[in-house]
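Here the structure comes first, spelled out in structure tokens, and everything after it is commentary.
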Amino acid sequence: MVSLRESAIQDLKHKDWKVRRTSAWYLGQFGDKTVVYPLIQALKDADYHVRSSAAIALGSIKDARAVIPLIQALKDKDGMVRFKAVRALGEIGDARTVEPLIDIVYYGDDIERISAVVALGKIGDERAIEALTWALNYDWSLDGEGDACYGEDVRGAAKRP
């Protein structure tokens with residue numbers, strides 16, 4: 001008999017993107033590191049919903065094997081995928097993510113920047129101090145809405161390291 005986990009892994013290849021998206025989300029709920037490689041493959045799915053769900057799932061699992069594929073996802077053509085990849089990297093907290101996240105602080109769109117600031121605040125690496133100081137003085141076009149978008153005080157996160 002096929003387990004729910006195995007079925008969800010198989011469903012990552014289903015023809016319907018909604019099934020693939022739900023499967024990626026579901027696999028992230030396990031926290032089981034055995035599903036990391038199928039989720040990494042899902043980061044390459046044709047549909048951005050699936051790639052976004054895979055990124056969040058990988059962040060939930062917090063396995064360092066996902067760091068490089070998630071860094072690559074920062075260059076995804078879809079902004080939602082990039083945003084979810086930034087959040088996932090913040091959850092994993094690996095020092096290899098600091099430089100790519102600093103780039104997002106300077107060059108990403110506002111929602112990506114907010115997430116990168118929060119992620120860098122969680123990681124707490126001194127290399128991020130200059131970028132986080134810059135973020136403290138950045139004219140956030142969201143005018144405080146960033147807090148509601150992500151549930152964190154951006155300026156508080158920038159002050160952490």
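Just so it is clear, none of the values below were taken in a lab; they were calculated from the coordinates. From a predicted model like this one, the values you see are computed outputs, not experimental measurements. Ideal geometry is used to build each Cβ from the backbone, glycine not excepted, and the neighbour counts take in all protein chains shown.
For this structure, a couple of remarks:
- Where only DSSP H runs of four or more residues are counted, the chain gives -20000 deg cm²/dmol as its mean residue ellipticity at 222 nm, each run worth -39500 (n - 2.57).
- Of Glu126, Glu112, Glu91, the one that fluctuates the most in a GNM where the chain has Cα springs shorter than 10 Å: Glu126
- Spin-label pair Lys15/Thr133, simplified geometry with 7 Å Cα→Cβ offset, distance in nm: 5.8 nm
- Cβ crowding within 10 Å averaged over residues, with 43-50, 21-28 ranked highest first: 21-28, 43-50
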